[in-house]
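Here is the structure we will look at.
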Amino acid sequence: MTNGAHILVVDDNRENLKIAGNVLQENGYKIAVALDGESALKILEKNAFDLILLDVMMPGMDGFEVCRRIKSDEKRKEIPVIFLTAKAQRNDLVDGFEAGGVDYVTKPFYKEELLARVSTHVELKQSRNKLIELNATKDKFFSIIAHDLKSPFNGIMGFSEILVEQINKKDYDGIKEYAEIIQQASEQAMDLLMNLMEWSRSQTGRMDFNPEHFELIELIKDTEHLLSGTLVQKSISLSKIVPSNAPVFADKDMISTVLRNLISNAIKFTYPEGKISISVEEKQNELLVSVSDTGVGISKVNCEKLFKLDQTYSTSGTNKEKGTGLGLILCKEFVEKHGGKIWAESEKGKGSTFYFTLPKEG
């Protein structure tokens, strides 16, 4: 979507600025203008742009020199530059491309030609930015696999070896403790693997979106039953403040994943003997679901990182359980797929509440 893109127009002729500016604004672009190269470079220091329309013949610094300076700046070198020029000789065009320009429009220009060239290069820049973002996502994904999946398996292998040695020696002291650590590490690895598989499927477009009518309260009960073992292990009580029924039209598997992640996180970061509460509140057009805990809480700075892949926040649970933050990224994607919202409120040392909304109808 190129509309709304920010374009800098540089031309020493005010009439040219007015004509080009009007054409671009009428088609949804945001513009800034400069009458010379020095002014353009100052504007670029304080603002981000998606494209620059740059006159060649200007007093003082010509357009080619302005372009060379832009391309030598690490922060701005990726901004595409289209030259506005009355000079369309072969040598002039070669000079423009060598300076770093991506295209040119001859003056006086046709409205349709200007818009076509601007649209093409804005779309190319947006596509390039998207690829950079996807590569960052891929790098983060592989980092999670390499680092966080290795940790539980190290624990499983290490304590399994100790168990074997002690059993061979008929020394049974500590066996229960070691077995519990192995179980915890196995559950951690399985939880991570489930999130990784779902994340992979969502990123590669292999996860189908299959909304259906179902009872949300029953799904909450199923998730509670699934996690009952870890609740008992930490002596955590779970209460529910929910209506007798809450029918929704949603993808059951996706919402199950959201509930599983939010409740398991609450268990992970709540101290033994703590409390977790799940509530469902009916609004006019949506359901508001919340999962609250009396756990360690999160600082405001880290709270803002929770749903961002490039700034994931991860810390150990109250029993040193490990997490990656990937589960919350998955929750965000799945909730937003339904047209809902997800957010968190927390206070360090007092606990957290995670909220998400689901439209009542698809």
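The values are calculated or read from the model by the stated rules, or taken from the named source; none is laboratory data. All values reported here derive from a predicted model rather than from experimental measurement. Neighbour counts are summed over all protein chains in view; Cβ atoms, including those assigned to glycine, are modelled from backbone coordinates with ideal geometry. All accessible areas refer to the heavy atoms of the entire protein, side chains included, with ligands and DNA or RNA removed. Shrake-Rupley method; radii C 1.70, N 1.55, O 1.52, S 1.80 Å.
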For this session: Tally the residues that are under 15 Å from the mean Cα position of the chain (by Cα) and either among the charged types (D, E, K, R) or closer than 16 Å to SER299 by Cβ (or both), restricting the search to the stretch 329-362.
Result: 6
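Which ones in the stretch 316-332 are open to solvent by 60 Å² or more (accessible area, probe 1.4 Å) and modelled with pLDDT of 85 or more?
LYS332
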Exercise. Do you know which of the residues in the stretch 264-273 that are open to solvent by 10 Å² or more (accessible area, probe 1.4 Å) and touching a residue at least 60 places away in the same chain (Cβ under 8 Å) is farthest from LYS221 (Cα to Cα)?
Worked result: PHE269
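Residues are listed down the side, and each one gets a yes or a no for (1) within 22 Å of ASN129 (Cβ to Cβ); (2) in a strand (DSSP E or B); (3) over 33 Å from the mean Cα position of the chain (by Cα):
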residue: LYS42; (1), (2), (3): no, no, no
residue: LYS77; (1), (2), (3): yes, no, no
residue: LEU84; (1), (2), (3): no, yes, yes
residue: ASP92; (1), (2), (3): no, no, yes
residue: GLY96; (1), (2), (3): no, no, yes
For this session: Return yes or no: is GLU65 loosely packed, with under 13 Cβ neighbours inside 10 Å and either aromatic (Phe, Trp, Tyr) or in a helix (DSSP H, G or I) (or both)?
Result: no
For this session: Return yes when GLU38 is of a type outside the set (Lys, Arg) and assigned to a helix (DSSP H, G or I) and no when it is not.
Result: yes
For this session: Being of a type in the set (A, V, I, L, M, F, W, C), in contact (Cβ under 8 Å) with a residue 24 or more places away in the chain and not in a loop (DSSP other than H, G, I, E, B) is the filter; apply it to the stretch 98-125 and report the residue that is most open to solvent (accessible area, probe 1.4 Å).
Result: LEU124
Seminar exercise, completed: Picked from the stretch 2-54 (must be in contact (Cβ under 8 Å) with a residue 60 or more places away in the chain and open to solvent by 10 Å² or more (accessible area, probe 1.4 Å)), the residue nearest to PRO108 (Cα to Cα) is ASN16
Exercise. So, of the residues in the stretch 234-245 that are in contact with a strand residue (DSSP E or B) (Cβ under 7 Å, 6 or more places away or on another chain), modelled with pLDDT of 90 or more and surrounded by fewer than 22 Cβ atoms within 10 Å (Cβ to Cβ), which turns out to be farthest from LEU358 (Cα to Cα)?
Worked result: SER237
Problem set entry | Flag if PHE49 is over 30 Å from the mean Cα position of the chain (by Cα) and either among the aromatic types (Phe, Trp, Tyr) or under 18 Å from GLN126 (Cβ atoms) (or both) | no
For this session: Determine whether the stretch 336-344 contains at least one residue that is within 23 Å of LYS234 (Cβ to Cβ) and either modelled with pLDDT of 90 or more or out of contact with any Phe, Trp or Tyr (no Cβ under 9 Å at 6 or more places or on another chain) (or both).
Result: yes
Exercise. If only one of SER292, SER256 is over 11 Å from PHE354 (Cβ atoms) and either surrounded by 22 or more Cβ atoms within 10 Å (Cβ to Cβ) or not acidic (Asp, Glu) (or both), which one is it?
Worked result: SER256
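Test GLU74 against the criterion of being farther than 22 Å from THR120 by Cβ and open to solvent by 30 Å² or more (accessible area, probe 1.4 Å), and give yes or no.
The answer is yes for GLU74.
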For this session: Scan the stretch 239-258 for residues that are within 25 Å of the chain's Cα centre (by Cα) and under 17 Å from GLU224 (Cα atoms) and jot them down.
Result: LYS252, ASP253, MET254, ILE255, SER256, THR257, VAL258
For this session: Tell me, please, whether a residue that is touching a strand residue (DSSP E or B) at 6+ places or on another chain (Cβ under 7 Å) and more than 15 Å from VAL296 (Cα to Cα) can be found in the stretch 226-233.
Result: yes
Exercise. Going by the structure shown, is LYS138 in contact with a Leu (Cβ under 8 Å, 6 or more places away or on another chain), at pLDDT below 90 and basic (Lys, Arg)?
Worked result: no
